[in-house]
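**Q** Sharing a structure, written as structure tokens. Questions coming.
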Amino acid sequence: MHEFAAMAARATRLASGAASSDDGSQCLLLALSHDELDVIVDGLADPLQPVVAVSLSSTCKGLRTPLETALGKLAQRYHRVLGFCKRLGMSCAELSDSEDLEFEGGQSDLTESDMATLGMLLPKWLPTLRRLGLEGFQFGDVGMRALCAGLGPGAAPSLYHLNLAGNKFGPAGAEALAAALHRGAFPKLDVLDLSDDPIGNQGAAGLAPPLRTRLLLRELYLLGCLIGDEGVASLVANLGKDDFKALEVLYLYRNDMTNAGCATLIAAVKNGAMPNLKPGELAVENNNNASDEALLAVVEALDARWNAREGNSGVV
């Protein structure tokens, strides 16, 4: 806590030098209730840049007592963030200004606590973050719950690309992500990659409702997720006219789909679902429980629809 204490001491000295007296009679903030002060500090208490809130508390002596609890919480969060940044090999300032964060397991050891710290930052302290890649850390269901627990409406307001592949979370982790999406997190989500996360049919069923209605979602990667016919049906059966409306890419290969799942996909395509899905981008190869003929029929159904729409006679 030494660095935070030093920051507070510097802010206090600066505030003292700027005023001729510690008399708080002219500090208009003292007219506010403790609850009102807490609201103001909460809005300023950026754990990546805590000096703003610390400086506010040092403007006059009368603010120190009512803000003591809030500043204590800020200090704890700041030191959590310092440890997180250290594991990522970057400074707090670099993290605060980041547009792209792409990491792979092996570069650092991200723990449940780190995921909770990232989940704390995403709602409002990383406003410019556009791409987040956390591939192969294998933090599992526990890590996903920690990441998603605090994500509410508008969390990660600029994020469009989210890669959580290879983190070995199952249905529970998928449901934690689904709950965050239901609450309105990641409002601009455009690309989602959950490859090699064994979410299974249960996880696909949990994610289907919030993903179907994402009007900006263009690419969905569910490779090797242990999804069978039931999960495929959860995703694409009985789609509404606006469900997956923008979807251009859907990768489902290396799953547990059988010929029945292929039939579900073909029916969805023939019924006009996923209207922007591109030829070659409905990937279903290596579903070992489906015949080669059934898998080829899925591809051919999409190609035929596209050719008919474009007025082509050849295969794309």
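Since every read-out is calculated from the coordinates, none of them should be taken as a lab result. In this text, all values refer to a predicted model and were calculated from it rather than measured experimentally. Quick reminder, even Gly has a Cβ in these numbers, built from the backbone with ideal geometry, and neighbours come from all protein chains shown.
**Q** Once fully extended, how much extra length lies between GLU281 and GLU135, figured as 0.36 nm per residue of separation less the alpha-carbon to alpha-carbon distance? Don't jump to the answer; show the numbers that get you there.
**A** Numbers: separation 146, 0.36 × 146 = 52.56 nm, distance 2.18 nm.
This chain segment gains 50.4 nm when fully extended.
**Q** Okay, next question. What Kirkwood hydrodynamic radius do you get for the range 202-254 when you take the inverse of the mean 1/r over all pairs of distinct Cα atoms, in Å?
**A** About 11.2 Å for the range 202-254.
**Q** May I pose another question? Quick check: pseudo-label points 7 Å beyond the Cα along Cα→Cβ at VAL142 and LEU216, how many nm apart are they?
**A** Result for the modelled spin labels: 3.3 nm.
**Q** Give the share of C-alpha pairs in each 10 angstrom bin for the range 78-183, from 0 to the last occupied bin, in whole percents, shortest bins first.
**A** Per 10 Å bin, starting at zero, the Cα-Cα P(r) for the range 78-183 comes out as 16, 53, 30, 1 percent.
**Q** Next question, about the same structure. Run the quick spin-label model on SER113 and THR128: label points 7 Å from Cα toward the beta carbon, then report their separation in nm to one decimal.
**A** Placing both labels 7 Å along Cα→Cβ, they lie 2.9 nm apart.
**Q** Taking R0 as 22 Å, what's the FRET efficiency between ARG87 and ARG183 from their Cβ-Cβ distance, rounded to 0.05?
**A** 0.20
**Q** Taking the simple approach of a point 7 Å from Cα along Cα-to-Cβ for both LYS168 and LYS270, what is their distance in nm?
**A** 4.3 nm
**Q** Mind giving me the FRET efficiency for THR258 and ALA304? R0 is 22 Å, r the Cβ-Cβ distance, nearest 0.05 is fine.
**A** Working: r = 22 Å, r/R0 = 1.01.
The computed FRET efficiency comes out at 0.50.
**Q** Just subtract the alpha-carbon distance of ASP292 and GLU102 from 0.36 nm times their residue separation and send over the number in nm, one decimal.
**A** Gain in length upon complete extension: 64.8 nm.
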